[in-house]
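Peer 1: Can you keep this structure in mind? I'll have questions shortly.
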Amino acid sequence: MEAPTAAPDMAALRACWHPVAFAHELEDTPIGRTLLCEPLALYRDSGGVARAVCDLCIHRGTALSLGWIDGDQIVCPYHGWHYDSGGACTLIPQLADPTRIPKKARIGAFACVESHGLIWAALEEPRWELADVPELHDDGWTVVTAGPYTWSSDASRQLENFTDFGHFPWVHPGLLGDPSRPVVPEHTVDTDGHVLRYQIVRPEAPNSDDFPVFGNEQTELPMRRSRYELHLPYTIVLRLGWGGEKGMVYFFASQPIDESHCAGYVVMARNYDRDQPPQVLQDFEDTIFNQDKRVVESQRPEQVPFDLADELHLRFDAVAVAYRRAMRAEGLATSRRS
């Protein structure tokens, strides 16, 4: 199938925060990630602050993520060149005076923050702040992480799948939906700049014996109340409730690795079943994302076509329509027509 006539703007996406790792993955050695085709080396300095630099030594193009940390600096494993958090080379051991550094001896350095249990990077000055999710930092809520889920698809496809109500009965029967109740309830989307808000109340399948993860009551038709915030380009905050005090928050963000690959990170918090082993919820998420993966990876084109004429949209596709319009309105998706 031909490429979409309107697709994510890779250059514009550089000025957004994107997840690149779970915070617990970044310990005392560097790790490598790819963001928008840019190779990154992530590491912690002597104060434990997360840093992100280009994962290519200027000398011979070696991956710095294979190296080590010396104080506040990352060291190339090939020739021992040192780089500070601003990307400047500070030491070349092969020189008689190792501190006489050529001006060209530097690499790219990028904005990097740690928040919500994730490491985030932006390749240019980010346009917007990260979403506020106080539940993830509240001692009354238990936090569980799942993923990352690496798919051969555009991050927009992964994001849209998370918001698609119509597929629940068919892809996740007995877990998130019931084929005997396929109708999507009415809902509207409120677009406020780069944030989309919407909510939906719908019946869901009762908790299964294998995955008793939700706070619903075991009634014939348990109702789920879902409140969504979609933060452009690839972040969702989902708050679930069942009419009582029990609540769950899903924080989802997709890392755009390149035009046809992504990695989804999930951070969850709930104020009930706090003694349940994290593995129960993690196994549930693994099951759901694996069920989704085979379907989404089959979609063509791999990137979401942001021209609304390229795919058929019905009334229950309100979120996808609003998302595609907002991405174009904010300059994060552009037309490829000449």
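Taken together, the values in this text are just the output of simple stated rules run on the coordinates, not laboratory data. Since the structure is predicted, the reported quantities are computational estimates derived from the model, not experimental observations. Here the Cβ positions follow ideal geometry from the backbone for every residue, glycine too, while neighbour counts run over all protein chains shown.
Peer 1: For Arg300 paired with Glu245, estimate the spin-label separation in nm (one decimal), with each label point 7 Å from Cα along the Cα-to-Cβ line.
Peer 2: Calculated label separation equals 5.4 nm.
Peer 1: List the trypsin sites (Lys or Arg not before Pro) within the stretch 1-79 that fall in a DSSP loop (any state other than H, G, I, E or B) and whose Cβ has at most 10 other Cβ atoms within 10 Å.
Peer 2: On the way: sites: Arg14, Arg33, Arg44, Arg51, Arg60; in loops: Arg60.
Here the trypsin sites (Lys or Arg not before Pro) that fit, given the DSSP loop and packing criteria, are Arg60.
Peer 1: How high is the relative contact order of the stretch 134-335? Use alpha-carbon pairs under 8 Å, at least six apart in sequence, and give a whole percent. Please report the intermediate quantities before stating the final value.
Peer 2: Numbers: 376 pairs, mean separation 58.3, N = 202.
Relative contact order, the stretch 134-335: 29 percent.
Peer 1: With a Förster radius of 35 Å, plug the Cβ-Cβ distance of Met223 and Asp139 into 1/(1 + (r/R0)^6) and report the FRET value to the nearest 0.05.
Peer 2: Values: r = 29 Å, r/R0 = 0.82.
For Met223 and Asp139, the calculated efficiency is 0.75.
Peer 1: If you don't mind, another one. Given the options Trp128, Trp151, Trp81, which has the most mean-square fluctuation in a GNM of the chain, springs set between C-alpha atoms less than 10 angstrom apart?
Peer 2: Looking only at Trp128, Trp151, Trp81, the biggest GNM fluctuation is shown by Trp128.
Peer 1: Here's another thing I want to ask about it. Hey, can you grab everything whose amide H is under 5 Å from the amide H of Arg106? Only 5+ residues off in sequence or another chain; H modelled, so Pro and N-termini drop out.
Peer 2: Result for Arg106 returns Cys89.
Peer 1: Here's something else I'd like to know. Counting only residues 5 or more places away or on other chains, whose amide H sits under 5 Å from the amide H of Thr62 once H atoms are built in the peptide plane?
Peer 2: Cys57
Peer 1: Given N residues in the stretch 263-338, what is its alpha carbon radius of gyration divided by 2.2 N^0.38 Å? Don't skip to the end; give the middle numbers.
Peer 2: Working: Rg = 17.4 Å, N = 76, 2.2 N^0.38 = 11.4 Å.
Here the answer is 1.53, to two decimals.
Peer 1: Taking +1 at the Cβ of each Lys and Arg and -1 at the Cβ of each Asp and Glu, which of Ser152, Gly140, Gly241 sits farthest along the dipole of the stretch 134-335 towards its positive end, judged by Cα position relative to the Cα centre?
Peer 2: Gly241
Peer 1: Mind listing the Cα extents of the stretch 1-116 along all three principal axes, in Å, largest one first?
Peer 2: Here the Cα extents, ordered largest to smallest, are 57, 31, 21 Å.
Peer 1: Full-extension gain between Asp258 and Arg127, please, as 0.36 nm times their residue separation minus the C-alpha to C-alpha distance. Let's see the in-between values first.
Peer 2: Numbers: separation 131, 0.36 × 131 = 47.16 nm, distance 2.02 nm.
Additional length available on full extension: 45.1 nm.
Peer 1: Tell me the trypsin sites (Lys or Arg not before Pro) within the stretch 245-295 that lie in a loop according to DSSP and have at most 15 other beta-carbon atoms within 10 Å.
Peer 2: On the way: sites: Lys246, Arg270, Arg274, Lys293, Arg294; in loops: Lys246, Arg274.
Those that pass, being in a loop and sparsely packed, are Arg274.
Peer 1: Between Asp273 and Asp190, how high is the FRET efficiency from 1/(1 + (r/R0)^6) when r is the Cβ-Cβ distance and R₀ = 35 Å? Nearest 0.05. Before the final figure, lay out each step's value.
Peer 2: Numbers: r = 32 Å, r/R0 = 0.91.
For Asp273 and Asp190, the calculated efficiency is 0.65.
Peer 1: Using the Cα centre as the reference, give the magnitude of the dipole from point charges on the C-beta atoms of the chain (Lys, Arg: +1; Asp, Glu: -1; all else neutral), rounded to the nearest 20 debye. Please list the in-between numbers first.
Peer 2: On the way: 30 positive and 49 negative charges, 189 e Å.
Here the chain has a charge dipole of around 900 debye.
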